[in-house]
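Just so it is clear, none of the values below were taken in a lab; they were calculated from the coordinates. Bear in mind the structure is a predicted one, so any value in this text is a computation, not a measurement. Note that we place each Cβ from the backbone using ideal geometry, even for glycine, and neighbour counts take in every protein chain shown.
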Amino acid sequence: MVVHWLKRARDHVDQRPAGEIYAGPGWATLLAARKAAEERAECRLYIMSAGFGLLEASERIPPYSATFAPGADQVSRRITGHGSVVERHQTWWRLINTARGRGYYPLTEALREAEQCVVAVGVNYLLAASRDFEELTRARDPEQLVLICVGAGNSAVRDTLRPYLLPFDLRTESFLPGPRTTINARAARWLLSQVVPRVGWCRHDLEEAVVSALANRPRARAGRQHSDDDTIIRWIRERLSQDPQSSKTALLRHHRQSGLACEQARFARLVERARREEPPATPP
């Protein structure tokens, strides 16, 4: 599976630096965050790719479509195997990085010599690489490693990672407005350009700055995304793979906190379907 994927990638005519593949508002925001960090010290930027594992911006790859987030291109829908969505993503993260010579724990190896690490990542990617992050935390304390994952407090993130997460929640959208897909990048840019120059890397001061910025800010409610039944069922299955005991009420609350819309009775019916029906397996 991984070998076939990488062979197709190597044989693809259109090979570009990863920094060009990821061009867009989110990438521009991350470059601005890096520029702010470089004003204080040398900085290296890495990319967590669902298709190719851990990348540097200069590495050449073909255009591709793969993600750990729910949707038609979700990795777990394209591979066969047992286990939950998160477990299959964790297996893929290990295999793709190992096949590309980065080992079982690519983040840990890449960041081993860094004095300070800031990781801005979506919750689905944090869960996919959670074993890598756990290995990284064994050699780092929260003063040296900052995780930015807006809304992760409502997810099944392992307890060992929570001390490293800054307390960003969905109020961040009203504080740093923009597309939800780039919210973690915007939080990283704000932290590195406005907070760290003022308070340094003291963990307590960083957390206080976030809490203060979010105080009295409303949670974003407008513009929830309406989805079809299959998309919502995939979302429910992913949540259940993280916490099989989740109630319908808890699932609906997390669904709405994620900016997604669904009427209560419809959502309850879809939860029953998600629990009753076997998820389809999509071959690689």
Whole-Hz ³J(HN,Hα) from phi, Karplus 6.51 cos²θ - 1.76 cosθ + 1.60, for the stretch 92-99, glycine and proline x
4, 4, 5, 5, 5, 6, 5, 4
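Send over the per residue convex hull volume for the stretch 225-276, Cα only, as a whole number of Å³. Intermediate results must be reported in sequence, preceding the final value.
Working: hull volume 3.4 nm³, N = 52.
Spread over its residues, the Cα hull of the stretch 225-276 gives 65 Å³ apiece.
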Starting at 0 and stepping by 10 Å, how many percent of the alpha carbon pairs of the stretch 116-249 end up in each bin?
11, 39, 35, 13, 2
Translational diffusion coefficient of the chain at 20 °C, 1.002 mPa s, Stokes-Einstein with Kirkwood Rh over Cα pairs, in µm²/s as a whole number.
108
Cut-off under 5 Å, modelled amide H: who pairs with residue 61 long-range:
16, 18
Collect residues whose amide H, placed 1.01 Å from N in the peptide plane, falls under 5 Å from the amide H of residue 54; neighbours closer than 5 in sequence don't count.
49
Would you grab the residues whose amide H sits under 5 Å from the one on residue 120? Only those 5+ places off in sequence or on another chain, please, with H modelled 1.01 Å from N.
148
Among 43, 149, what is the fewest-to-most ranking by other Cβ atoms within 10 Å?
43, 149
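Indicate, rounded to the nearest 5 percent, the antiparallel portion of the DSSP beta bridges found entirely in the stretch 2-214. Let's see the in-between values first.
Working: 6 of 12 bridges.
The antiparallel fraction comes to roughly 50 percent.
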Could you go through the stretch 63-79 in sequence order and give the Karplus-derived ³J(HN,Hα) for each residue, using 6.51 cos²θ - 1.76 cosθ + 1.60 with θ = phi - 60°, rounded to whole Hz, and x for Gly and Pro?
x, 8, 9, 7, 8, 8, 7, x, x, 4, 9, 5, 4, 5, 7, 9, 10
